[in-house]
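The values are calculated or read from the model by the stated rules, or taken from the named source; none is laboratory data. Note that this is a predicted model, so its numbers are computed, not measured. Positions of Cβ are backbone-derived with ideal geometry, glycine not excepted, and every protein chain shown enters the neighbour counts.
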Amino acid sequence: MRELTWMYQGFDRQRWMYTAAINSTQAAAAGSKNETIEKNHPYMKDEAHKIRKQKLLEMQKRMTNDKGNNKN
């Protein structure tokens, strides 16, 4: 059952990639600027959000470590 779920998720991602590419191309042809596939792809939005959140947490951790090192 788990493998069927993975197959469906992969298929769904692939279909969204196709749809997002078409939407982005149409928007760019209509004159929209800065149109990217990521704006139309729901899975890429989630992944980009996770990456931004992880980077923010890493920056916060570095800042707290730097503050702790400066106090000594």
Q. Within the stretch 40-57, restricting attention to residues that are touching a helix residue (DSSP H, G or I) at 6+ places or on another chain (Cβ under 7 Å) and either over 17 Å from GLN14 (Cβ atoms) or not in a helix (DSSP H, G or I) (or both), which residue is modelled with the lowest pLDDT?
A. ALA48
Q. Which is surrounded by fewer than 10 Cβ atoms within 10 Å (Cβ to Cβ) and either touching a helix residue (DSSP H, G or I) at 6+ places or on another chain (Cβ under 9 Å) or aliphatic (A, V, I, L, M) (or both), of MET1, MET7?
A. MET1
**Q.** Residue pairs meeting the criteria (Cβ under 9 Å; at least 6 apart or on separate chains; first under 13 Å from GLU38 (Cα atoms), in the stretch 1-22; second basic (Lys, Arg) and assigned to a helix (DSSP H, G or I))
**A.** ALA20/LYS39
Q | Single unsatisfied condition, SER32 versus (1) in a helix (DSSP H, G or I); (2) modelled with pLDDT of 80 or more; (3) farther than 23 Å from PHE11 by Cβ | A | (1)
